[in-house]
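Chemist: A single structure is presented below for examination.
The values are calculated or read from the model by the stated rules, or taken from the named source; none is laboratory data. This one's a predicted model, so the numbers in the text were calculated from it and none came from an experiment. FYI the Cβ positions are ideal-geometry reconstructions off the backbone, even for glycines, and counts take in every protein chain you see. Note: accessible area is taken over every heavy atom of the protein model, side chains too, but ligands, DNA and RNA are not part of it. Shrake-Rupley method; radii C 1.70, N 1.55, O 1.52, S 1.80 Å.
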Amino acid sequence: KIPNVKQQRSEQLHRTKMHTLNTTTGSQDPNLDPIPDPDQFPNRNRNNPHSRRPRGFAAAAAAASIAPTENDVNNGNIAGIGGGEGSSSGGGGGGKGKREREKEKERTKLRERHRRAITSRMLAGLRQYGNFPLPARADMNDVIAALAREAGWSVDADGTTYRQSHQPNNVVQFPTRSIESPLSSSTLKNCAKAALECQQHSVLRIDENLSPVSLDSVVIAESDHPGNGRYTGASPIASVGCLEANQLIQDVHSAEQRNDFTESFYVPVYAMLPVGIIDSFGQLVDPEGVRQELSYMKSLNVDGVVIDCWWGIVEGWNPQKYVWSGYRELFNIIRDFKLKLQVVMAFHEYGGNASGNVMISLPQWVLEVGKDNPDIFFTDHEGRRSFECLNWSIDKERVLHGRTGIEVYFDFMRSFRSEFDDFFVEGLIAAVEIGLGASGELKYPSFPERMGWIYPGIGEFQCYDKYSQSNLQKEAKSRGFAFWGKGPENAGQYNSQPHETGFFQERGEYDSYYGRFFLNWYSQLLIGHAENVLSLANLAFEETKIIVKIPAIYWSYKTASHAAELTAGYYNPSNRDGYSLVFETLKKYSVTAKFVCPGPQMSLNAHEEALADPEGLSWQVINAAWDKGLLIGGENMITCFDREGCMRLIDIAKPRNHPDSYHFSFFTYRQPSPLVQGSTCFPDLDYFVKRMHGEI
């Protein structure tokens, strides 16, 4: 006969009890088998609740899964009915149950994979089309929170979800508390009684059916006076529960402030002073006129002014002879008005691409060097020189009276820092902008009006001087293609269109192996120049914000090649992001980027003919900077705006629905005419400043 399984376990339990009894009394029953010591099995978890004996249907399943072993049969412990037939029957039943369990596990895995695939597609769609800021390993909690916020709900970090809109100004609704919260309704009622005793102008209403774990129905109506200090430490509410209620109220108010509308962000506004206030000898032209205009700017509540310190004026006549007297007088006047200063290290010429009577060239001694060695200037394909700024290929060439290009820049910056040390100590100089190319922007001088360039021409590459060509040939040989060591021959002229050239046309040479090599080298020369100068700027201006101006080259943006950006040094065709690499370099030196915001200076038809997309370029540049963790400011490209243009600038500087609430760190307003005339074609400048400050 087959022994009953329950009977065997009952006998084993009896032996265990008798062994425990004998151990307690100190005696041993010789008829009982010795019970093994539990300490001999250290890996057995005696306190594990899952190791308990199964009961009910689980016990039956466990009993059915017990199959007799070959040793049991041979030793006579288990005798099957009908010989091996009974054993075979029992073993088959256990194997069948095991197979069913394995199949169920596989089905569970498949269901889980299917669920994860659906979740992954949902998250990808929300990120791509809904602009939801979901983390890389988001779960359904993140999705629900994002959807709730999109629907107008407020979701705190701990999951507390509530509506704060459509509430009266004097009513605050408490968010839902979790079950683990120690704050109960009775505690809050006690706090309410104490509050009513000390503040007669307040009303506290509590739902009598309030559950101990929910505070949804608790509403408090404050007095009309905003500064009554009702929940300060002077309140008679002194119990622990009441303190938690106070904290709850403060959390609600802080949440309201955090989720305030984007317009509340404060964006400082700086007004740019005109170029002509310092003459070519470094002297201030009209001090009284400057005072009048600074008073006008002060009344508009601007935060500060922007001043260009021209290399061609300060070090205009002799190398390392700096004249700062006119700037010292100007800075003292600005100090009297308690305005902040943003100073531009202007290493470029002024007047070449702008109409007007003011003309500021590079230093005269540099131009004298250029007569003997014209390759210190950028050169186009036809050999014409650009005098807007120095060639970046001489950054480390000792061709400027024994100094390299970056040494000349560093000496100028160090002289300014030493001369105006008192302004830095007082904190009046808020930032220093470093000019890195043509027009003070980080770009090649590819669009010179003196060479006949007219918008929307694609410009020309500026790399045909001997220093750049030597660098290019060296790079080509290192790649094993020496015949690549020359510039493109089919890139057109300054006023060409992309489809008119073999290099920039659709599927043109720009996307060939040679084209990719050349454009990468051309853009790396720009990035290398920025890195060389910014490394020294950080040494000269320690603990001072450094600004770099990024151009807005938005014409030909709707073509595949983005030809105008390529000639300016930004390798940004439609199949490549050319701004991220630039911003990675700026991030390395903690630089703030200043983007020149394009305006509606031409009609829609003109933009279509130029294949321009100002909005698309602005979106790419600004978001690329934010993605790299850079602060970014703005500057208006054109100097005359109506109300519509004003609103367009505000929308760029303070995006309404940005998921991370990003906005510009400052904005520079360019005047359309000299400040000394006291006129402007921006009639709503006061409104613009208030909107930027979040006052409206």
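Chemist: So, of the residues in segment 396-434 that are polar (S, T, N, Q) and in a helix (DSSP H, G or I), which turns out to be nearest to L534 (Cα to Cα)?
Modeler: Start the filter on segment 396-434 by keeping residues that are polar (S, T, N, Q), which leaves 404, 415, 418.
Now restrict to residues that are in a helix (DSSP H, G or I): 415, 418.
Numbers: S415: 16, S418: 18 Å.
It comes out as S415.
Chemist: If you don't mind, there's one more thing I want to ask. Is there a residue in segment 643-655 that is more than 30 Å from G578 (Cβ to Cβ) and modelled with pLDDT of 75 or more?
Modeler: yes
Chemist: Go over the candidates R137, R127 one by one and state the one that is modelled with pLDDT under 75 and surrounded by fewer than 10 Cβ atoms within 10 Å (Cβ to Cβ). Spell out how you get there, then give the answer.
Modeler: Numbers: R127 fails: surrounded by fewer than 10 Cβ atoms within 10 Å (Cβ to Cβ).
Criteria check complete, one pass: R137.
Chemist: Considering only segment 276-382, give the helices (runs of 4 or more DSSP H) lying wholly within it that have at least 2 residues that are at pLDDT 95 or above and hydrophobic (A, V, I, L, M, F, W, C).
Modeler: Details: elements: 287-299, 311-314, 325-336, 364-372.
Where helices (runs of 4 or more DSSP H) fall fully within segment 276-382 and carry at least 2 residues being at pLDDT 95 or above and hydrophobic (A, V, I, L, M, F, W, C), they are 311-314, 325-336, 364-372.
Quick grid of which residues meet (1) over 37 Å from the mean Cα position of the chain (by Cα); (2) open to solvent by less than 40 Å² (accessible area, probe 1.4 Å); (3) closer than 30 Å to G694 by Cα:
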site: E315; (1), (2), (3): yes, yes, no
site: Q320; (1), (2), (3): yes, no, no
site: R328; (1), (2), (3): yes, no, no
site: F331; (1), (2), (3): no, yes, yes
site: Q364; (1), (2), (3): yes, no, no
site: F378; (1), (2), (3): no, yes, no
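Chemist: Considering each residue of segment 680-696, count those that are open to solvent by less than 50 Å² (accessible area, probe 1.4 Å), outside any loop (DSSP other than H, G, I, E, B) and at pLDDT 85 or above, and give that number.
Modeler: 5
Chemist: Let me ask another. Go through segment 380-395 and count every residue that is open to solvent by 40 Å² or more (accessible area, probe 1.4 Å) and touching a helix residue (DSSP H, G or I) at 6+ places or on another chain (Cβ under 7 Å).
Modeler: The number of residues fulfilling the criteria is 2.
Chemist: Also, I was wondering about something else. Hey, does segment 439-452 have a residue that's open to solvent by 40 Å² or more (accessible area, probe 1.4 Å) and part of a loop (DSSP other than H, G, I, E, B)? Steps first, answer last, please.
Modeler: Of all residues in segment 439-452, those open to solvent by 40 Å² or more (accessible area, probe 1.4 Å) come to 439, 449-451.
Add one more test, that the residue is part of a loop (DSSP other than H, G, I, E, B), and what stays is none.
The answer is no; no qualifying residue exists.
Chemist: Which condition does E475 not pass, out of (1) modelled with pLDDT of 95 or more; (2) open to solvent by less than 60 Å² (accessible area, probe 1.4 Å); (3) out of contact with any Leu (no Cβ under 8 Å at 6 or more places or on another chain), if it passes all the others?
Modeler: Exception for E475: condition (2).
Chemist: Follow-up. Determine which member of the set Y455, Y464 is touching a strand residue (DSSP E or B) at 6+ places or on another chain (Cβ under 6 Å), surrounded by fewer than 24 Cβ atoms within 10 Å (Cβ to Cβ) and within 18 Å of F504 (Cβ to Cβ). I'd like the intermediate steps shown before the answer.
Modeler: Details: Y455 fails: touching a strand residue (DSSP E or B) at 6+ places or on another chain (Cβ under 6 Å).
Of the residues listed, the single one that is touching a strand residue (DSSP E or B) at 6+ places or on another chain (Cβ under 6 Å), surrounded by fewer than 24 Cβ atoms within 10 Å (Cβ to Cβ) and within 18 Å of F504 (Cβ to Cβ) is Y464.
Chemist: Same structure again: Only one of G569, G578 is touching a helix residue (DSSP H, G or I) at 6+ places or on another chain (Cβ under 7 Å) and on the phi > 0 side of the Ramachandran plot; which?
Modeler: On the way: G578 fails: on the phi > 0 side of the Ramachandran plot.
Result of the check over G569, G578: G569.
Chemist: Let me ask something else about it. What single numbered condition from (1) at pLDDT 65 or above; (2) closer than 17 Å to P659 by Cβ fails to hold for L110?
Modeler: So the condition that L110 fails would be (2).
Chemist: Between residues in segment 655-671 that are touching a residue at least 40 places away in the same chain (Cβ under 8 Å) and residues that are assigned to a loop (DSSP other than H, G, I, E, B) and acidic (D, E), which pairs lie under 6 Å by C-beta distance while being six or more apart or on different chains?
Modeler: none
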